[in-house]
Every structure is written in structure tokens, then in C-alpha cells.
Amino acid sequence: MGAYHDDNGKPVVLECVREAERRIAGSSFISCEERIILLLSSFLLLGIKEYLPMGGSVKMVEETLKLAYGDDSEFIKDKRIAAVQALSGTGACRMFADFQKRFCPGSQIYIPVPTWSNHHNIWRDADVPQKTYHYYHPESKGLNFSGLMDDVKNAPEGSFFLLHACAHNPTGVDPTDEQWREISQLFKAKKHFAFFDMAYHGFASGDPARDAKSIRIFLEDGHHIGISQSYAKNMGLYGQRVGCLSVLCADEKQAVTVKSQLQQLARPMYSNQPLHGAQIVSTILGDPELKSLWLKEVKIMADRIIGMRTTLRESLEKLGSPLSWEHVTKQIGMFCYSGLTPEQVDRLTSEYHIYMTRNGRISMAGVTTENVGYLANAIHEVTKSS
Ligand SMILES: Cc1ncc(COP(=O)(O)O)c(C=O)c1O
Ligand SMILES: *[C@@H]1O[C@H](CO)[C@@H](O)[C@H](O)[C@H]1NC(C)=O
């Protein structure tokens, strides 16, 4: 499952989230002056539970855009981005798919092989035909870059492509910056539209600015893009369903129109976005101290996973495994696409009570200092004879 657990195998509520909740409830131990400043800066602290405006929390959306487009993004300044709060990453993807269906009828979406399985369901239920593009290279357990580029080249001009902005799920394989530049150039030549799903922002490198590199490269090249952002993983707000859908438009006028249409898609479905998660996010990102605490905590989560990758690989090598486990440390994000076969996964389950999806995807968040040795040994046992 794609949820972060700590080194004791326990789910985590981030300290920045706990503090934000204290402030929202109005019970934090802060001075009178601070309380007044906070009250003036935001109505959130009054604990109001009324509807958010259409489009969701303005403050949350504003802070969320900065994370993807950059703090001093000219596109934010020029009001060229149509953005609405969404029901986490899934809701943002679905809203984009519905938008695509309504305003580009007959268009298709190109989806990588493999991808998060729900992508297929989302565009299917939005009634948008799907095509696939090459992505994973099983032999190298890396990227089939030439296959990807061929598919981008051969797609009809002006096609829609779903790209994972970072920490590709399920493979953990991301293009390098140089490869992103080439992809972006080819998209430009082919007038394709890139829709970035960014569900693991911060989880790849531990630094959200670094993880936004793919998007920044496309922005530099002058694309119009769409982005789905989610706080499920990087703030641990899974069940709060807080995220953002944004579309970079040609100008402010177009952005106003697109935003209005996005709101009209939401209105008959759920009318308004949920409030509490958005309050948490805007409280954290709107306060420099809480924001830097969040950045620290994201890095701790990412670093723990990176550390477990190293330990898992080293343990397998120490056991004398004849296979290469380099991909364990080369891949990034929450998952490791181990290359284990469905039969080997079944043996891990029945003989060792180790559970992963049958495509061999290990959730690295479930690996801890205590169980990594047991895991390595079991993997070694089931892969020995192959
Ligand atoms: C690639 C990808 N996109 C989107 C999501 C959506 O997550 P959520 O709707 O919880 O934000 C996930 C969650 O697993 C994911 O892996
Ligand atoms: C890489 O993509 C190409 C398509 O251009 C395909 O022919 C080839 O089989 C792919 N390689 C792997 C290992 O998937």
C-alpha cells in the first residue's frame, strides 16, 4: 500500500500537521500577540466550518501552485494558471479527464506502461479513449527511453500525455533531467499536451524543489501543461482528500474561463471541496516556521526510504545473491519494482508472510531496520535458483 510508515512500521502524523491542527482548533500555546496576528491573517483560526468558495481554499491553492511552478513563478504573477482545489490526486486527475472529454471530444490520453492502475479507471470512466506509451524496460529495470521517444514521435500531433512528475508509481523509474529536456523538446515539436500527475512531490529526493524539476523544464520550454498535486503522501493527509488541479493557460482571460469551467464540473458532482485538509495545508504552508518544519519532515521520510533501499541492496549482496540489485537503489520514491516474478511473490507470501503486489512492487515504506534483514533473506531464498 502506498502509505508511509516509520521505522517502527507505524503510520505517521507529521508534527507540522499536529501543530496546524492545534492552531486551527485555537488551542496552541502561543502568545496573545501572535494569536492576534494569526487571527488577522486568516479567518481559519476562528474554526469556521462554513463552505469554502467555489474553487476551494484560495490560500491553499495559492501555496500549492508555488510548490509546483516555483515561488516567484511569472505564470502565477501573470495569473495565467487556472487552479481549483481537488479531491486529492485522484480527484484532480478525474476532473482533468472530464474536462478533456468535455472540451476536446474525440481526444485520447497516452498512459505509460505500466502505471498506477487507477489511471486506467479514471480515464475510462471519463469516457476518454486510452493509448499507451513505452516506459519501463524490464531487462535494465530502468527506462525504455528510446521506446518512449518513439511513441511520443508517432502519436498524432496535439495528443494528451499523462506523465508522472516524479517517483513514478509503480516502477520508481524517472527520466533524468537531460531526458526530460529531450522529452519536452519533442512534445514542443509535436504540440502535445503534458498532464503531470504529481502524487509523490518531495518523496523522490526529499526536496520538493528538486522533485519539481520535470515540470520546471516544461515551463522553461513554454508549454501549456496541467498538473495534479496531492498532499496524501507528502503531508500524510491521505484521508483528508486535499489536492489541486491546475492548468497553465495562454493568458489571464483564458485562465479565468478554464477555472470557471472546472468549477462547473465540480458543482453537480460534489458542489464544494472539503475544508479541513485545506485548512491544515494552508496553515502549514502559510507560516514560514511550519513550512520549514514540513520540509524537514518530508526529507526525513524520503531519507528513511532511501536508506532502506541501500540496506536492502547491501543485505542481498552480503548474502551472496548472484543477481544484480542495483535497481533497488537506482529507483526512487515509495516503491521498488523489484523484478520478482508472480511465482516468487507467491512464495514470499506463503512461505515468509511477506506481502507485495504480484507485479513485484515492494512498498519501501513497509521496510524497517528490524525487518530488512528478514526481507533480504527471503528474497534471496526465492531468487536463488533463477
Ligand atoms: C501515481 C498516483 N497518482 C495519484 C494517486 C492518488 O492519490 P490520492 O488520490 O490519495 O491523492 C496515487 C496514489 O496512490 C498515485 O500513486
Ligand atoms: C522499448 O520500446 C520499443 C519501442 O520503440 C520496443 O520495440 C522495445 O521492445 C522496448 N523494449 C523493452 C525492453 O521493453
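The sole residue among 321, 338 that is more than 20 Å from the chain's Cα centre (by Cα), polar (S, T, N, Q) and crowded, with 20+ Cβ neighbours inside 10 Å is 338. Looking across region 377-386, the residues that are among the small types (Gly, Ala, Ser) and either more than 13 Å from residue 344 (Cα to Cα) or open to solvent by 10 Å² or more (accessible area, probe 1.4 Å) (or both) come down to 385, 386.
What tally of residues in region 126-141 results from selecting those that are away from ligand 2 (no atom under 16 Å from the Cβ) and either within 22 Å of residue 154 (Cβ to Cβ) or open to solvent by less than 20 Å² (accessible area, probe 1.4 Å) (or both)? Steps first, please.
Within region 126-141, the first condition is being away from ligand 2 (no atom under 16 Å from the Cβ), and the residues that meet it are 126-130.
Applying the additional criterion that residues be either within 22 Å of residue 154 (Cβ to Cβ) or open to solvent by less than 20 Å² (accessible area, probe 1.4 Å) (or both) yields 126, 128-130.
Adding up the residues that qualify gives 4.
Of all residues in region 111-125, one or more are buried (at least 18 other Cβ atoms within 10 Å of the Cβ), under 22 Å from residue 328 (Cα atoms) and among the hydrophobic types (A, V, I, L, M, F, W, C). Considering only residues that are among the hydrophobic types (A, V, I, L, M, F, W, C) and under 16 Å from residue 97 (Cβ atoms), look in region 245-267 and name the one that is nearest to the chain's Cα centre (by Cα). Going through the qualifying residues, I end up with 245.
In this structure, is residue 188 of a type in the set (D, E, K, R), outside any loop (DSSP other than H, G, I, E, B) and in contact with an Asp or Glu (Cβ under 7 Å, 6 or more places away or on another chain)?
Yes, satisfied.
The values are calculated or read from the model by the stated rules, or taken from the named source; none is laboratory data. Treat the numbers as computed from the prediction; the structure is a model and nothing was measured. FYI the Cβ positions are ideal-geometry reconstructions off the backbone, even for glycines, and counts take in every protein chain you see. Side chains included, ligands, DNA and RNA excluded: accessible areas come from the protein's heavy atoms. Shrake-Rupley method; radii C 1.70, N 1.55, O 1.52, S 1.80 Å.
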